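In what follows, a single structure is set out as structure tokens and then discussed.
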Amino acid sequence: MNIGNVSGDESSLHRPEPLANDASVPHPADTQNAAIASRLNWLRAGVLGANDGIVSLAGLVVGVAGASAAQSTILTAGVAGLVAGAVSMALGEYVSVSSQRDTEAALLAQERRELAETPELELAELAGIYRAKGLTEETARKVAEELTDHGAFRAHAEAELGINPGALTNPWNAAISSAISFSIGAAFPLVAILVSPISLRVPITFLVVLLALALTGDVSARLGSAGRGRAVVRVVLGGALAMLVTYGIGHLLGAAGV
Ligand SMILES: [Zn+2]
């Protein structure tokens, strides 16, 4: 039996030298990039919230439709599900952003204390950060001194902690925007199932939900510059599975007369 020549060809193991990656090129657009990145994060959170709303409500209304023929039952369950989901998203976001903000505030307070108590040590620390970035001893010292004159607290917050003290995330903004994005997503399956003719409401809702998920999957893949095709397939399959499972459960419970 021939199991093949495993010794192989030595030359095929030779890999070309990696191209030199010049990390020393300065990035003057870094601050602008940070602003774009933070806007992208918001957009991404919005798309994820909408995705949550679509899948949650699709599962809910399709499940109820599997058990009951009455549109009024679907309407009641759907509206309750939308409100409960939006509140739950808002609460989760509020709690998570608040605790992140508390952490940042504590770090900033400590920095402020250190600046007041040991200004010389802090100046040396700031200079050390710029020396570690590749500046010479004198330049680093000069940068640190000028930044300290210009606004020591902000300079330390940004260089040491990576926090812009003037732009902490507002937990209320985060809470409200995630509730809104969830509700927008949730409206797709809810409206689809309520306005469709009763005999077609489940297949139409399936179709609307899968199209909406394809859209959010595509947008979030673009935002993350990931492979779009695969992201869309993942999110669409996940949504289809959620609806099939809840429709099946609703159908079984409805048939059993629960
Ligand atoms: Zn410091």
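Worth pointing out:
- With neighbours defined as other Cβ atoms within 10 Å of a residue's Cβ, the residues PHE182, PHE188, PHE153 order from fewest to most as PHE153, PHE188, PHE182.
- Prolate/oblate/rounded call for segment 139-258, Cα gyration tensor, a/c under 1.5 rounded: prolate
- Evaluated with a Cβ-only charge set (Lys, Arg +1; Asp, Glu -1), segment 53-256 carries a dipole of roughly 1460 debye about its Cα centre, given to the nearest 20.
- Going from the residue with the fewest nearby Cβ atoms within 10 Å to the one with the most, VAL61, VAL87, VAL209 rank VAL87, VAL209, VAL61.
- The alpha carbon gyration tensor of segment 53-256 gives principal lengths a ≥ b ≥ c with a/c of 1.5 or higher and a/b greater than b/c, which makes the shape prolate.
- Footprinting exposure proxy ranking of ARG39, ARG234, fewest other C-beta atoms within 10 angstrom first, gives ARG39, ARG234.
- Using the average count of surrounding beta-carbon atoms within 10 Å as a protection proxy, the listed peptides 112-120, 211-219 rank, highest first, as 211-219, 112-120.
- Angle between the chain longest axis and helix 71-117 axis [Cα atoms, degrees, rounded to 10]: 10 degrees
- Net dipole in debye of segment 113-221 [+1 Lys, Arg Cβ; -1 Asp, Glu Cβ; about Cα centre; nearest 20]: 920 debye
- Farthest toward positive dipole pole in the chain [+1 Lys/Arg, -1 Asp/Glu at C-beta], among ILE129, ASN164, TYR247: TYR247
- Dividing the mean sequence gap of close Cα pairs (under 8 Å, 6+ apart) by how many residues segment 53-256 holds gives a relative contact order of 39 percent.
- Rounded to 10°, Cα long-axis angle of helix 171-195 versus longest principal axis of the chain: 20 degrees
- Segment 39-111 - charge dipole about Cα centre, Lys and Arg +1 at Cβ, Asp and Glu -1, debye rounded to 20: 260 debye
- Fully extended contour minus Cα-Cα distance, from ILE129 to LEU223, at 0.36 nm per residue: 30.6 nm
Read the figures in this text as sums done on the coordinates, not as results from a lab. All figures in this text were calculated on a predicted structure; none of them were measured in a lab. Here Cβ is always computed from backbone atoms with ideal geometry, including for glycine, and neighbour counts include all displayed protein chains.
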